[in-house]
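In what follows, a structure is listed as structure tokens, so that the remarks can point back to it.
Rule-based calculations on the coordinates, nothing more; no lab input. Not measured: the values here are computed from a predicted model. In this analysis, Cβ positions are derived from the backbone assuming ideal geometry, glycine residues included, and neighbour counts consider all displayed protein chains.
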Amino acid sequence: MAIILKRPKLKWWEYLYLPALAQGMRVTLGHLFRILTRKEKVTMQYPEEKWDDQLPEHYRGAPALVTDEQGRERCVACQLCEFICPPRAITIKPEEIPSDDKWAKVEKRPNAFDIDMIRCIYCGLCEEVCPEQAIYLRKDYAITGTSREEMVHDKERLYEIGGVREGLVNKWNELK
């Protein structure tokens, strides 16, 4: 059964723009006087001042790849992050690990791993879906480049900015 709500009837002064405009100006002037009396800074001088100490705990920055404590890749090239990425910013080309390699128990690794930072919307789905915790969103908000090619981060660049993450890596777990 649908519930039908009746829209309330407006008074004659609510049809006018002036009361709403006056109320908005009252709020704006209240903020102005509060800032002028407390001598608070409103504008951050960006290159000299950074937000690093003011970032919220849940802030999601740019994605990066990480290695384990021994410098090995955590990524198993499962391509889940590529499939879940809404703007299709991630591209992975997997390759097999040679059978004579010490870590041949893992089927594949990424041959190429690219993230187009122009397309990335920093949603965090790639971090959530990764079974090996190989990709995470770092607290970096200043991602710049002078061309589109510079804004496509390849595997080497992603590992460079990602660094090392400690903890259990299922990929290298001997018991698995």
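What the table below lists for this structure:
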{"item": "Ranked L10, L5, L158, criterion: other C-beta atoms within 10 Å, fewest first", "result": "L5, L10, L158"}
{"item": "Sparsely packed trypsin sites (Lys or Arg not before Pro) within region 1-108, loop by DSSP, other Cβ within 10 Å at most 16", "result": "K6, K9, K11, K39, K41, K50, R60, R72, R88, K102, K105"}
{"item": "Calculated from backbone phi, Karplus (6.51, -1.76, 1.60) coupling profile of region 131-148 in Hz, x at Gly/Pro", "result": "x, 9, 6, 8, 10, 8, 9, 8, 8, 10, 10, 9, 10, 10, x, 9, 8, 5"}
{"item": "Region 56-166 - charge dipole about Cα centre, Lys and Arg +1 at Cβ, Asp and Glu -1, debye rounded to 20", "result": "220 debye"}
{"item": "The chain, relative contact order in percent, only Cα pairs under 8 angstrom and at least six apart counted", "result": "26 percent"}
{"item": "Stretch gain in nm, segment R119-A142, where the contour uses 0.36 nm per residue and the Cα spacing is subtracted", "result": "6.8 nm"}
{"item": "With at most 16 other Cβ atoms within 10 Å, longest stretch of the chain clear of loop GluC sites (Glu not before Pro) (DSSP)", "result": "108-165"}
{"item": "Among I35, L16, I3 - extreme Cα towards positive end, dipole of the chain, charges at beta-carbon", "result": "L16"}
{"item": "Distribution of pairwise C-alpha distances over the chain, 10 Å bins, in %", "result": "8, 25, 22, 13, 15, 11, 5, 1, 0"}
{"item": "Ranked list, fewest to most other Cβ atoms within 10 Å of each Cβ, for M151, M44", "result": "M44, M151"}
{"item": "The chain - mean residue ellipticity at 222 nm from DSSP helices (-39,500 (n - 2.57) per run, n ≥ 4, rounded to 500)", "result": "-6500 deg cm²/dmol"}
{"item": "Cβ-Cβ FRET estimate between T43 and E128, R0 fixed at 25 Å, reported to 0.05", "result": "0.10"}
{"item": "Cα-centred dipole magnitude for region 1-100, charges only on beta-carbon of K, R (+1) and D, E (-1), debye, nearest 20", "result": "1440 debye"}
